[in-house]
Amino acid sequence: MSNSVKTLVVGASGYSGAELLRLLLMHPFTELVGVTSRQYAGQALSMVFPRFRGAAKAEEVVFTEPDLEGIVASGAEIVFLALPHGLASEFAIPLVERGLRVIDLSADFRLRDAAVYEAYYGAAHPAPAMLATAVYGLPEIYSDAIRGATLVASPGCYPTSVILPLVPLLREKLVVPETIHVSSMSGVSGAGKSSNTQFLFAECNESVRAYSVPRHRHLSEIEQELGVAAGAPVVISFTTHLIPVTAGIHTTTYVALGEDVAVSDVNRAMEAAYAAAPFVRLLGEGQCPDTKNVVGTNFIDIGWVRDPRTHRLVLLSAEDNLGKGAASQGVQSMNLMCGFPETGGLLNF
């Protein structure tokens, strides 16, 4: 195991970027050698984010312009891209070509099919050939591939909350894929730092509303990964809601159990899949997760209950959209890539 790895964050001024910086500054095996932001170029990290004042690793760090040559010259070994989709690929492609390892928090390399990307994101994919080499960065599912990856496409926040509860059940044919219906709720930070009126406090407070109905962009990667687990295409209903909290995602999934499948089969499949997964907390049958117990952590809490009237299984999950849904999941992948303990820097409550 290496003693330390040099890291750099491109686009470090957003909510996910700030959480990523917090984790990297506390991480026992990383050296933060650079942060970029067009908006804050030339300003000290501790001035832009006063919360980091006094942190030993933060005192000398200054925001720079997101310049490719500057990133390479920094000596960074792992580069995190905390950029919007479409922009991340402009950095990922040349950085990988220059031999750096990249963890992309955007959607640019999550999908295996360039046509699906274009259908959901409204533009042709800039590097379709790289989709075959990018690794979907869900450590509980693809840990071996992540260890050897040069480009990791970190999953979206909603997909993580949907995929992890369902994958063990689809793999073992315990549920009927055609019956999957998902309702997810996210805190306002999931929209990023936006001046859009609909995300103002007065618009979001004391209000819950659905959005991106009926086809949220994250549906593309959800169906992709569920299809991999099921061994056949999976089409689901997926509705997202904005709730008046800063961070956190709660997802409720309804699915019909297969013929003669008992809830004990569900219990067994979940335990077999995640007994060794340090960040999946199985609350078990009849237990309902709460976002307050996962915000600020890399944990996803999962509970489930069988409805005997409908023979449906209700799956419940909770995670931090900025953590397990973004920044801390990226750090979890970095730990695997660098041979660090998977929990390195991620158990600071």
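The values are calculated or read from the model by the stated rules, or taken from the named source; none is laboratory data. Just so we're clear, the structure is a prediction, and the values are computed from it rather than from any experiment. Cβ placement follows ideal geometry from the backbone for every residue including glycine, while neighbour counts extend to all protein chains displayed.
Summary of computed values
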| quantity | calculated |
| --- | --- |
| Matching residues, the stretch 165-196, being in a loop (DSSP other than H, G, I, E, B) and acidic (Asp, Glu) | Glu172 |
| The lone exception for Ala202 - which of (1) in a helix (DSSP H, G or I); (2) assigned by TED's automatic domain parsing to the domain that holds Leu100 it fails | (2) |
| Selected residue [of a type outside the set (A, V, I, L, M), at pLDDT 95 or above and over 16 Å from the mean Cα position of the chain (by Cα)] from Ser183, Ser194 | Ser183 |
| Filter result for Gly258 (touching a residue at least 40 places away in the same chain (Cβ under 8 Å), of a type in the set (Gly, Ala, Ser), assigned by TED's automatic domain parsing to the domain that holds Gly192 and over 27 Å from Ser106 (Cβ atoms)) | yes |
| Selection within the stretch 289-315 - under 13 Å from Val266 (Cα atoms) and touching a Ser or Thr at 6+ places or on another chain (Cβ under 7 Å) | Ile302, Val314, Leu315 |
| Thr310 outside the structural domain of Pro139 (by TED's automatic domain parsing), within 29 Å of Val135 (Cα to Cα), of a type outside the set (A, V, I, L, M) and out of contact with any Lys or Arg (no Cβ under 7 Å at 6 or more places or on another chain) | no |
| Val245 assigned by TED's automatic domain parsing to the domain that holds Pro165 and at pLDDT 95 or above | no |
| Which numbered condition Ser13 misses (of (1) touching a strand residue (DSSP E or B) at 6+ places or on another chain (Cβ under 6 Å); (2) touching a residue at least 24 places away in the same chain (Cβ under 8 Å); (3) small (Gly, Ala, Ser)) | (1) |
| Within the stretch 46-144, helices (runs of 4 or more DSSP H) holding 3 or more residues that are surrounded by fewer than 18 Cβ atoms within 10 Å (Cβ to Cβ) and hydrophobic (A, V, I, L, M, F, W, C) | 68-73, 114-121 |
| Set Val280, Val314: member being surrounded by fewer than 20 Cβ atoms within 10 Å (Cβ to Cβ) and within 15 Å of Val162 (Cα to Cα) | Val314 |
| Members of the stretch 34-58 that are among the charged types (D, E, K, R) and closer than 20 Å to Val79 by Cα | Arg38, Lys57 |
| Hey, Gly339 over 22 Å from Arg171 (Cβ atoms), of a type in the set (Gly, Ala, Ser) and touching a strand residue (DSSP E or B) at 6+ places or on another chain (Cβ under 6 Å) or not | no |
| When residues of the stretch 236-259 are limited to those that are aliphatic (A, V, I, L, M) and not in a strand (DSSP E or B), the one nearest to Ser207 (Cα to Cα) | Ile243 |
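Condition check ((1) aliphatic (A, V, I, L, M); (2) assigned to a strand (DSSP E or B)) across all residues:
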{"residue": "Gln198", "(1), (2)": "no, no"}
{"residue": "Val234", "(1), (2)": "yes, no"}
{"residue": "Val261", "(1), (2)": "yes, no"}
{"residue": "Asp265", "(1), (2)": "no, no"}
{"residue": "Leu283", "(1), (2)": "yes, yes"}
